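The values are calculated or read from the model by the stated rules, or taken from the named source; none is laboratory data. In this text, all values refer to a predicted model and were calculated from it rather than measured experimentally. Cβ atoms come from the backbone with ideal geometry, glycine included; neighbour counts cover every protein chain shown.
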Amino acid sequence: MTKAVGCRLNNLSRRRRDKKNSVKKPNKKFVFLDRDGVINHDSPDYIKSWEEFEFLPGSVEAIRHLTKNGFTIIIITNQSAISRKMISAKELDHIHLRMREACRARGGSIRDIFFCPHMPEKKCDCRKPKPGLIFQAETKYNIDIPGTAMIGDSAKDIECARNAGCGQAILVQTGNFSKAMRQLTEKNIHPDFIARDLFDAVLQITGHE
Ligand SMILES: [Mg+2]
């Protein structure tokens, strides 16, 4: 038998085998959210502190709406600012703590946050558009990936959703929308839905007005 090339293939085949042998049935609805440009304003200078973190209009309400409708929210985010030494893991934790607290105070719950700290050059398996972070979440929470939606503002998010096998990939226009569309068109990848913002995307998932 040929030796598998690299850990990604090994992980993938193990994942499929484990899934086949698993008797646990996922019973929750999961939604994956990108962070910057979806929940908060993105910045070319990166978000390095809670003071620089600014919620986009309607995003906290969207998180509340998902929570009230029984969805479990998981954030999947590239945070190369850590490898760039622009922010420490502790500072990132602090931002996420404050973000989750602010959502909780308004009735929204973010279950977990998976982030990739690496630079693109590292060629890791967790940096989007690779599906590694979604697979980590799948393993931890026994998620039925085809039953999930991924909401993001960049081409990487939509590609990541496709690479992981998410049922829906939704592109929001609150980040760098024209760049995302140009990149997706070049790769002939199409989002399932283009939403004005996170709240619009969430309505698409919950089917509620
Ligand atoms: Mg983003």
Does GLY132 fit the bill of being in contact (Cβ under 8 Å) with a residue 12 or more places away in the chain, in contact with a helix residue (DSSP H, G or I) (Cβ under 9 Å, 6 or more places away or on another chain), within 23 Å of LYS156 (Cα to Cα) and more than 16 Å from the ligand (Cβ to nearest atom)?
-> yes
Residue satisfying condition, being among the basic types (Lys, Arg) and modelled with pLDDT of 95 or more, within set ARG35, ARG15 = ARG35
Quickly run through the stretch 54-65 and pick out the residues that are surrounded by 20 or more Cβ atoms within 10 Å (Cβ to Cβ) and among the hydrophobic types (A, V, I, L, M, F, W, C).
-> LEU56, VAL60, ALA62, ILE63
When restricted to ASP125, ASP153, ASP192, ASP197, the only residue out of contact with any strand residue (DSSP E or B) (no Cβ under 6 Å at 6 or more places or on another chain) and in contact (Cβ under 8 Å) with a residue 24 or more places away in the chain is ASP125
In the stretch 44-92, anything of a type in the set (Lys, Arg) and more than 26 Å from GLY207 (Cα to Cα) is listed as LYS48, ARG84, LYS85, LYS90
Residue in the stretch 68-90 that is within 12 Å of the ligand (Cβ to nearest atom) and among the aliphatic types (A, V, I, L, M) present = yes
Pairs, first among the aliphatic types (A, V, I, L, M) in the stretch 32-46, second within 7 Å of the ligand (Cβ to nearest atom) and not in a loop (DSSP other than H, G, I, E, B), C-beta under 7 Å, six or more apart | VAL38/GLY152
